[in-house]
Structures are given as C-alpha cells and as structure tokens.
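Below is one structure, written out as structure tokens, with a few remarks after it.
The values are calculated or read from the model by the stated rules, or taken from the named source; none is laboratory data. All values reported here derive from a predicted model rather than from experimental measurement. Note that each Cβ is placed from the backbone with ideal geometry, even for glycine, and that neighbours are counted across all protein chains shown. Just so you know, the surface numbers come from the protein's heavy atoms only, side chains and all, with ligands and any DNA or RNA stripped out. Shrake-Rupley method; radii C 1.70, N 1.55, O 1.52, S 1.80 Å.
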Amino acid sequence: MNDIDPVFTTALQERADGDVRVEALLDGARRRGVRHRRNRRLATGAGAGLAVAAVLAATTLLPRGATAPAPGGSAPPTSRTATASSPAASSVVEKPRPPAASLAPLTAGGRIGEGHQIHLDTVDPTPFTLAWGSGNGVETIQASRGKTSKFGYSTYSVLVAQTAERLDQETAHLFAGEPQTEPLRINGGATGILRWSQEMATLRWQPLPDVWAMAWVRFHDSVPDPLPVITADDARGAMLEVSSAVRYDRVLRCTAQFRLTWAPPGTKTSACSLQWTGTTGSASFAFTVPGRGTFHVSDTDAADWQPNTTYAGKQVQSGRDGSWIVVDGRGYLIEPGDSGLTKDQQLHVLTGIQSGPPTDDPVR
C-alpha cells in the first residue's frame with residue numbers, strides 16, 4: 001500500500017477550533033497496512049517512536065452486496081446516480097464499501113465531520129486502498145490506485161472544510177515554492193484555482209454551499225528515471241479527473257465495537273478514521289484529554305499477540321511505543337500520542353476495554 005503523502009500529514013495541522021490534530025486521521029489509517037511489523041516491534045521493544053496516528057477500533061464493516069447488514073448499519077445501494085459533483089457516476093461499477101450511516105449527506109445539508117462519520121467517497125473504480133478521516137469540521141479521503149493515471153499520479157487526496165478560512169489553514173503548506181496558478185472550470189460548473197509544479201498539483205474549489213475542497217496529487221509516484229516533464233495539460237487533467245471522482249451524497253459509518261470503561265477525567269472522542277482494502281476495513285478513533293493532548297486505541301491482529309507482562313491481573317503485550325491486549329478475540333493497541341499518559345495510565349485504559357455493540361463514541 002502507498003504511504004500517506006508526507007506533505008499531506010504535514011499540511012493537516014488543526015490550527016482552528018478543533019480538539020484533535022487532523023494529521024492523525026489518515027496517518028492512522030496508513031499504518032493499518034504495516035500493523036504486523038508494528039506488532040512485532042512492540043514485542044521486542046525495538047524501533048523508532050511511532051508517528052502520531054488516529055487509531056483503529058474493532059469494527060464490523062459490511063461489503064456491498066452482503067446478505068446481512070453490519071451491526072448498527074446497512075449496506076449502501078449498489079448503484080449510483082449521477083450528481084453535479086460526479087456527472088459520470090451512473091456508468092461506474094463500484095467496489096465494495098463500508099455500510100451507510102443514517103446522517104444527512106453533504107448534498108442534503110449534512111455537516112462536515114458530524115458524528116465523526118464519513119461524508120466523502122469516490123466513484124473512481126481503480127483504488128485498491130481507500131482511507132478516510134473525520135474530525136471537527138474537517139474531513140479527508142485518500143485513494144491509492146491500482147494503476148498510475150495517464151496524467152502521472154497513482155495516489156490522490158481531498159480535504160473538505162466548512163469554511164474557506166479553515167480550508168486555507170489546513171492546506172497552507174502544500175506548496176513550498178512558487179507554483180503555476182490558473183483558474184480551472186470543473187465538471188458541474190464551478191471554477192477552481194489550479195496550482196501545479198513538476199512535483200505536484202492542487203485544486204481549490206467550492207463544490208457545494210458551505211463546503212470548500214482542496215484536492216492534490218504528487219506526480220512521479222513510481223516512474224523510473226528519467227522523469228517525464230509534467231505539462232499544464234497533465235496538471236489540468238489530473239485535477240479534473242480527481243474532482244470529478246469525488247462524491248458527497250452518502251455517509252459511511254465509522255464506528256467502534258468497544259468501550260473505554262476508564263479514561264482520564266474529561267476525555268472525549270475527537271476523531272475517527274477508516275481504511276478500506278478490498279472488502280474489509282477498520283475504523284480508527286482518537287481521544288483527547290483536556291489540556292493535555294490525544295491518545296489512540298487501535299484494533300490489531302489478535303493472532304500476533306505476544307503478552308509479556310500483566311496489569312490488573314490481565315495479560316498484556318507492553319512495548320516502548322504502546323501496549324496491546326486481546327479482549328473477546330479482538331486485539332487492541334493503545335498509543336499515547338501527545339497526551340502525556342503515563343505507562344500506568346495507558347495500561348489502565350487498555351485493560352478496561354470492553355467489547356460491545358457498534359458506537360460512534362466509545363467514551364460516552
């Protein structure tokens with residue numbers, strides 16, 4: 001799986017009124033692809049410190065076309081109708097998706113980040129991995145394609161925010177130099193601002209009332225030397241392709257099947273991320289401690305569990321960068337992030353985890 005673009009994780013710093021750093025949202029989803037390696041590192045205590053990450057919560061996710069809905073949700077419809085934001089949607093054959101949430105989509109007045117649920121999707125049929133993130137007034141989607149586009153990219157990202165100011169705050173550092181800039185008319189009639197260089201391209205536009213979007217790609221993801229020259233037509237084509245693929249008319253579920261029976265006083269659920277590969281996926285949660293920071297709880301592969309100590313009479317696998325437990329056959333990892341939680345507090349949270357029906361707020 002392609003790693004999340006470092007420019008993406010650097011740019012998504014929540015400088016506005018949110019209570020969790022939004023760069024955590026997709027970074028956590030990315031690390032789902034390397035969780036086996038991470039688990040082995042925890043067992044030995046080796047390796048460098050983990051990046052700040054949103055965390056996985058054990059979640060049952062339903063492929064489209066399954067015979068029964070996932071707990072707490074139902075599969076979205078199998079066909080799409082064309083919308084102003086994705087005019088070619090009706091001709092696209094979809095890959096499986098997580099179940100649908102009951103919230104209003106952005107096209108029907110839904111709010112970005114509402115309930116930490118996912119209000120973005122893509123009609124692009126090529127991604128083999130999709131990652132979403134949903135926080136306070138900001139959402140993200142990243143698609144890692146199975147093949148490189150004819151315009152020279154294989155991964156793209158889109159961020160949406162409720163205001164133009166918030167969008168600009170979150171994406172201010174995407175370009176380090178002086179890119180080419182021009183207006184670009186998008187499918188559906190909106191006009192965006194295209195910026196591009198030999199390394200990347202971005203598009204800023206307003207797809208819906210109260211919805212501001214920024215899409216970006218990095219060129220030459222896997223192209224050998226000598227690198228081809230990126231033209232204005234490449235940049236335009238890439239951004240038209242990406243902006244036409246994004247859709248806003250459904251909400252996907254991002255839920256946990258666990259509860260935190262203990263957390264520091266005032267702890268709140270602050271963000272959820274979701275990775276979907278093939279027909280399966282994992283949801284990720286971040287928890288913010290007032291005045292301190294954010295910690296993360298992730299689901300992992302229980303088969304890799306190697307307990308090396310006990311806490312409160314329960315076996316745990318404790319490592320330098322986090323600790324792991326298995327509850328009712330499901331593995332959970334806690335990582336302290338920037339919360340300042342002591343090891344004792346981390347293990348207190350971890351050993352208090354209980355399984356339960358799907359929820360969008362594991363500390364409520």
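Taking the criterion of being among the polar types (S, T, N, Q) and buried (at least 19 other Cβ atoms within 10 Å of the Cβ), the residues of the stretch 244-268 that qualify are S244, T255, Q257, T267. Kindly indicate whether any position in the stretch 184-200 is of a type in the set (A, V, I, L, M, F, W, C), over 20 Å from E139 (Cβ atoms), touching a residue at least 24 places away in the same chain (Cβ under 8 Å) and surrounded by fewer than 18 Cβ atoms within 10 Å (Cβ to Cβ). No; the residues of the stretch 184-200 include none that is of a type in the set (A, V, I, L, M, F, W, C), over 20 Å from E139 (Cβ atoms), touching a residue at least 24 places away in the same chain (Cβ under 8 Å) and surrounded by fewer than 18 Cβ atoms within 10 Å (Cβ to Cβ). Of all the criteria given as (1) open to solvent by 70 Å² or more (accessible area, probe 1.4 Å); (2) within 18 Å of V160 (Cβ to Cβ), the one not satisfied by L208 is (1).
Results for (1) assigned to a strand (DSSP E or B); (2) within 22 Å of G237 (Cβ to Cβ); (3) open to solvent by less than 10 Å² (accessible area, probe 1.4 Å), shown as yes or no for each residue.
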| residue | (1), (2), (3) |
| --- | --- |
| G110 | no, no, no |
| K147 | no, yes, no |
| L167 | no, no, yes |
| A176 | no, no, no |
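Of A75, A143, A46, A54, all but one fail to be modelled with pLDDT under 50, among the small types (G, A, S) and in contact with a Phe, Trp or Tyr (Cβ under 8 Å, 6 or more places away or on another chain); the exception is A54. Taken over the stretch 271-306, the criterion of being modelled with pLDDT under 90, of a type in the set (G, A, S) and under 18 Å from E335 (Cβ atoms) is satisfied by S273, S282, A283, S284, S298, A302. Remark: D361 matches the filter, which requires a residue to be among the charged types (D, E, K, R), in a loop (DSSP other than H, G, I, E, B), surrounded by fewer than 24 Cβ atoms within 10 Å (Cβ to Cβ) and modelled with pLDDT of 90 or more. Search the stretch 293-348 for residues being in contact (Cβ under 8 Å) with a residue 60 or more places away in the chain and assigned to a helix (DSSP H, G or I), and hand back the single one that is most open to solvent (accessible area, probe 1.4 Å). My answer is H348. With respect to A271, is the statement that it is open to solvent by less than 20 Å² (accessible area, probe 1.4 Å), more than 30 Å from G152 (Cβ to Cβ) and in contact with a Gly (Cβ under 6 Å, 6 or more places away or on another chain) true? Yes, satisfied. Figure legend. Inter-residue proximity from the stretch 349-360: first residues in contact (Cβ under 8 Å) with a residue 60 or more places away in the chain, second residues open to solvent by 50 Å² or more (accessible area, probe 1.4 Å) and among the hydrophobic types (A, V, I, L, M, F, W, C), beta-carbon distance below 7 Å, spacing 6+ or different chains. Indicated pairs: V349/W262; G352/W262.
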